[in-house]
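Q: Just passing along the structure, written as structure tokens.
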Amino acid sequence: MKKIPLSLGVIGQETCGAGGFAYGMRSIRDMIALVENVRARSPKAWILNYTNPAAIVADALNKRFPDDKRILNICDQPVNLLRSYGRLLGRDPATFDPVYFGLNHFGWFTHLYDETGHDLAPELKAFIAENGFKPVDAEQRDQSWLDTYAAVADMLRDFPDYLPNTYLQYYLYPEYKFSKLDPHFTRANEVINGREKRVFDECRTAVAEGTTRNVHVVHNDAHGDMIVELAEAIAFNLKKKFIVMVPNNGLVENLDHDVMVELTAEIGSNGPRPFGVGKIPTFYKGLIEQQFAYERLTVEAWFEGSYTKALQALTLNRTIIDAKKARKVLDALIEANREYWPALK
């Protein structure tokens, strides 16, 4: 799905760009079916949703199940960022008290308090400006991820107010990022030839030896650790802080109530208690409103089978912008996804 947009001159990134649009349109049906399956068997079970593109899937589930308060949508990228901040500062990220706002893959840390209440964000910005930014598990990462984290320094130089989510690079610098991408060798190809190959090789070693004792697949397992810790917080009422997706309902005062925002929340047995951030500045508000409009229109296009809304969605996406390009991309994606999308009319 990423190669089609790239062949037509726009970013294909699988959660942010037109590739993410295609991924979302493919995922909504199966996620709705999964939730219905779970609810038929366990009406009160917590569903911890970790499905990309998380923003689109979260909004679709909220539309389909508006009264289901036990679907909790979450992403690991804020956790990876916190772990990376900890490495840079030589601190335990478990002690951080973050203030965060935005959408999934589209947000900012405004403050990063330590256990004494001291804000580490200014120190962190200064460090990144001088030394650059690397992921906590840089030694395991493929080159595209190292480039992604390195872009944080560029974003902070241009927009120094807050610490940005790494994915914002695709929206803030779409032409530059496109110029660095190879339409014949995408990040998916890189993963298949890199991380996936390493993992599968290690698994084959474990099978051959009959033990995992000598296998070292992953050193930073933010994905697995986070979801287990989230389940523990609910099961044992730990009231631990996570960054999750919830309906806005005034948490960001100058955004619409139904925006699926990503914020810090205390998680216990009754689910999330999110922390509001008040009003946000015009620049960030404008970016979020445009991005959420794209996400909402994508969801409406799926539910209504609307070609027009799908075209509107892609035209609003900052990785595309041009409506003629959006139409070419949409028509090509429809042709490739006839078995997986609803018919768009």
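Q: Could you tell me which of the residues 148, 166, 116 is on the phi < 0 side of the Ramachandran plot, surrounded by 18 or more Cβ atoms within 10 Å (Cβ to Cβ) and modelled with pLDDT of 90 or more? Before you say what the answer is, go through the steps one by one.
A: Numbers: 148 fails: modelled with pLDDT of 90 or more; 116 fails: surrounded by 18 or more Cβ atoms within 10 Å (Cβ to Cβ).
The unique qualifying residue is 166.
Q: Considering only residues that are at positive phi and either touching a His at 6+ places or on another chain (Cβ under 6 Å) or at pLDDT 95 or above (or both), which ones fall in segment 202-258? Break it down stepwise before answering.
A: Residues of segment 202-258 that are at positive phi, as a first pass: 210, 237, 239, 249-250.
Once the filter is applied, which keeps residues that are at positive phi and either touching a His at 6+ places or on another chain (Cβ under 6 Å) or at pLDDT 95 or above (or both), segment 202-258 yields 237, 239, 249, 250.
Q: So in segment 301-329, with the set limited to residues that are hydroxyl-bearing (Ser, Thr, Tyr) and outside any helix (DSSP H, G or I), which one is nearest to residue 7 (Cα to Cα)?
A: So in segment 301-329, the residues hydroxyl-bearing (Ser, Thr, Tyr) come out as 306-308, 315, 319.
When the remaining residues are screened for being outside any helix (DSSP H, G or I), the result is 306, 319.
Working: 306: 24, 319: 14 Å.
For segment 301-329, the residue satisfying everything is 319.
Q: Being in a loop (DSSP other than H, G, I, E, B) and either of a type in the set (A, V, I, L, M) or over 20 Å from the mean Cα position of the chain (by Cα) (or both): is that true of residue 280 here? Before you say what the answer is, go through the steps one by one.
A: Details: in a loop (DSSP other than H, G, I, E, B): yes; either of a type in the set (A, V, I, L, M) or over 20 Å from the mean Cα position of the chain (by Cα) (or both): yes.
Yes.
Q: Sticking with this one: Out of 150, 55, I need the residue that is more than 21 Å from residue 227 (Cα to Cα) and out of contact with any Cys (no Cβ under 6 Å at 6 or more places or on another chain). Which one?
A: Working: 55 fails: more than 21 Å from residue 227 (Cα to Cα).
None of the others qualify; the one that does is 150.
Q: When you scan segment 151-169, how many residues do you find that are within 19 Å of residue 101 (Cβ to Cβ) and touching a residue at least 24 places away in the same chain (Cβ under 8 Å)?
A: Matching residues across segment 151-169 total 12.
Q: For residue 274, work out the one condition from (1) in contact (Cβ under 8 Å) with a residue 40 or more places away in the chain; (2) crowded, with 20+ Cβ neighbours inside 10 Å; (3) not hydrophobic (A, V, I, L, M, F, W, C) it doesn't fulfil.
A: (1) is the only condition that residue 274 fails.
Q: All but one of (1) over 22 Å from residue 63 (Cα atoms); (2) within 17 Å of the chain's Cα centre (by Cα); (3) among the charged types (D, E, K, R) hold for residue 327, so report the exception by its number.
A: Every listed condition holds for residue 327 apart from (2).
Q: Given the criteria surrounded by fewer than 24 Cβ atoms within 10 Å (Cβ to Cβ), at pLDDT below 95 and not in a helix (DSSP H, G or I), does residue 110 qualify?
A: On the way: surrounded by fewer than 24 Cβ atoms within 10 Å (Cβ to Cβ): yes; at pLDDT below 95: no; not in a helix (DSSP H, G or I): yes.
No; evaluated as a whole, the condition is false for this residue.
Q: Within segment 330-345, restricting attention to residues that are acidic (Asp, Glu) and in a helix (DSSP H, G or I), which residue is surrounded by the most Cβ atoms within 10 Å (Cβ to Cβ)? Please lay out each step first, then the result.
A: Our first condition is that a residue be acidic (Asp, Glu); within segment 330-345, this holds for 331, 335, 339.
In the following step, the residues that additionally are in a helix (DSSP H, G or I) were identified as 331, 335.
Numbers: 331: 14, 335: 9.
In this case the residue turns out to be 331.
Q: A further question on this structure: Keeping to segment 99-118, report how many residues are acidic (Asp, Glu) and more than 25 Å from the chain's Cα centre (by Cα). I'd like the intermediate steps shown before the answer.
A: Residues of segment 99-118 that are acidic (Asp, Glu), as a first pass: 114-115.
Imposing the further condition that a residue be more than 25 Å from the chain's Cα centre (by Cα) reduces the set to 115.
So the count comes out to 1.
Q: Here are some conditions: (1) over 11 Å from the mean Cα position of the chain (by Cα); (2) surrounded by fewer than 22 Cβ atoms within 10 Å (Cβ to Cβ); (3) under 29 Å from residue 258 (Cβ atoms). Residue 96 meets all but one. Which one does it not meet?
A: (3)
The values are calculated or read from the model by the stated rules, or taken from the named source; none is laboratory data. All of these numbers come straight from a predicted model, not from anything done at the bench. Here Cβ is always computed from backbone atoms with ideal geometry, including for glycine, and neighbour counts include all displayed protein chains.
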